[in-house]
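The values are calculated or read from the model by the stated rules, or taken from the named source; none is laboratory data. As the structure is a computational prediction, the values presented were derived from the model and not from experiment. Note that we place each Cβ from the backbone using ideal geometry, even for glycine, and neighbour counts take in every protein chain shown. Accessible surface areas use protein heavy atoms only, side chains included; no ligands, DNA or RNA. Shrake-Rupley method; radii C 1.70, N 1.55, O 1.52, S 1.80 Å.
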Amino acid sequence: RKEVEQDPGPFNVPEGATVAFNCTYSNSASQSFFWYRQDCRKEPKLLMSVYSSGNEDGRFTAQLNRASQYISLLIRDSKLSDSATYLCVVSAPSGTYKYIFGTGTRLKVLA
Amino acid sequence: EAGVTQFPSHSVIEKGQTVTLRCDPISGHDNLYWYRRVMGKEIKFLLHFVKESKQDESGMPNNRFLAERTGGTYSTLKVQPAELEDSGVYFCASSQFVSEGQYFGPGTRLTVL
């Protein structure tokens with residue numbers, strides 16, 4: 001079983017749609033959680049950190065459920081420019097801060 | 001503020017040759033990380049520097065890989081001798097604090113023929 005699991009997609013959605021991505025992680029001692037966005041042949045870019053209380057940044061909402069070891073990302077009112085791969089990232093348990101990446105979920109927003 | 005930079009952007013070498021990748025972190029970031037993405041796989045951690053010290057090198061695949069960060073500024077990752085399976089994209093990232101998000105450089109695409 002992978003340490004961080006994501007549905008690879010692709011998710012093809014029309015402009016204006018709401019789309020949700022999910023991610024599960026295996027190590028309950030994981031410390032920090034993030035969503036990154038990666039465009040084709042580019043580096044991962046930090047989208048947002050994820051907290052148990054949930055956090056929102058404009059059209060993006062992230063949520064962490066520690067009990068279920070589950071992270072989500074909701075994108076409202078999708079734009080063409082949201083088309084990318086979304087990477088779920090979990091930092092390793094205490095003592096090290098290396099990132100553990102999911103394989104990413106591809107999103108394509110259609111006109 | 002300048003982001004993380006990496007050099008070269010691409011490198012094509014033959015099996016058995018040596019390649020050195022360079023990473024310049026964001027100014028003031030003590031934490032520097034190396035990651036690698038092999039074709040079709042997820043990005044995987046290689047190692048973590050805090051200033052010039054190796055904090056965690058548990059992801060280094062074998063002793064053909066050598067990372068240094070002299071003076072706690074830029075870092076180099078040397079592969080010697082390169083093997084076919086070393087091909088991939090090597091990313092460097094930096095952060096000011098370990099608990100915050102890491103900022104990635106554009107990567108070096110390494111092809112070993």
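Looking at (1) free of Cβ contacts under 8 Å to residues at least 24 places away in the same chain; (2) outside any strand (DSSP E or B), find the lone condition where A:Ala29 falls short.
(1)
Within the stretch B:77-94, can you find the residues that are more than 11 Å from the chain's Cα centre (by Cα) and open to solvent by 20 Å² or more (accessible area, probe 1.4 Å)?
Matches in the stretch B:77-94: B:Gln80, B:Pro81, B:Glu83, B:Leu84, B:Glu85, B:Ser87.
In this structure, is A:Lys42 within 14 Å of chain B (Cβ to nearest Cβ), part of a loop (DSSP other than H, G, I, E, B) and touching a residue at least 60 places away in the same chain (Cβ under 8 Å)?
Against the criterion (within 14 Å of chain B (Cβ to nearest Cβ), part of a loop (DSSP other than H, G, I, E, B) and touching a residue at least 60 places away in the same chain (Cβ under 8 Å)), A:Lys42 does not qualify.
Show the residue pairs meeting these rules: Cβ distance below 6 Å; 6+ apart or different chains; first residue within the stretch B:26-44 and touching a residue at least 24 places away in the same chain (Cβ under 8 Å) and open to solvent by 50 Å² or more (accessible area, probe 1.4 Å); second residue part of a loop (DSSP other than H, G, I, E, B) and among the charged types (D, E, K, R).
B:Asp30/B:Lys51
Rundown of residues vs (1) touching a residue at least 40 places away in the same chain (Cβ under 8 Å); (2) facing chain A (nearest Cβ under 9 Å); (3) crowded, with 21+ Cβ neighbours inside 10 Å, yes/no style:
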| position | (1), (2), (3) |
| --- | --- |
| B:Cys23 | yes, no, yes |
| B:His48 | no, yes, yes |
| B:Glu52 | no, no, no |
| B:Arg64 | no, no, no |
| B:Gln96 | yes, no, no |
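Tell me, yes or no, whether the stretch A:57-73 has at least one residue that is open to solvent by 70 Å² or more (accessible area, probe 1.4 Å), modelled with pLDDT under 95 and within 28 Å of B:Val4 (Cβ to Cβ).
Yes, some residue in the stretch A:57-73 is open to solvent by 70 Å² or more (accessible area, probe 1.4 Å), modelled with pLDDT under 95 and within 28 Å of B:Val4 (Cβ to Cβ).
Output the strands (runs of 3 or more DSSP E) that fall wholly within chain B and possess 1 or more residues being among the hydroxyl-bearing types (Ser, Thr, Tyr), or say none.
Here the list reads B:5-7, B:10-13, B:19-24, B:31-37, B:53-56, B:75-79, B:88-95, B:108-112.
Would you call A:Ala84 more than 13 Å from every other protein chain (Cβ to nearest Cβ), at pLDDT 95 or above and within 13 Å of the chain's Cα centre (by Cα)?
yes
For the stretch B:1-21, which residues satisfy the criterion of being of a type outside the set (Ser, Thr, Tyr), out of contact with any Pro (no Cβ under 6 Å at 6 or more places or on another chain) and surrounded by fewer than 18 Cβ atoms within 10 Å (Cβ to Cβ)?
B:Glu1, B:Ala2, B:Gly3, B:Phe7, B:Pro8, B:His10, B:Val12, B:Ile13, B:Glu14, B:Lys15, B:Gln17
What strands (runs of 3 or more DSSP E) completely inside the stretch A:61-110 contain at least 1 residues that are under 24 Å from B:Asp56 (Cβ atoms), touching a Cys at 6+ places or on another chain (Cβ under 6 Å) and among the β-branched types (Val, Ile, Thr)? Even if it seems obvious, please write down each step before you answer.
Working: elements: A:70-75, A:84-91, A:99-101, A:105-110.
It comes to A:70-75.
Mind listing whichever residues of the stretch B:66-80 are more than 14 Å from every other protein chain (Cβ to nearest Cβ) and either touching a residue at least 60 places away in the same chain (Cβ under 8 Å) or touching a Leu at 6+ places or on another chain (Cβ under 7 Å) (or both)?
B:Arg69, B:Ser75, B:Thr76, B:Leu77, B:Lys78, B:Val79, B:Gln80 - these are the residues of the stretch B:66-80 that are more than 14 Å from every other protein chain (Cβ to nearest Cβ) and either touching a residue at least 60 places away in the same chain (Cβ under 8 Å) or touching a Leu at 6+ places or on another chain (Cβ under 7 Å) (or both).
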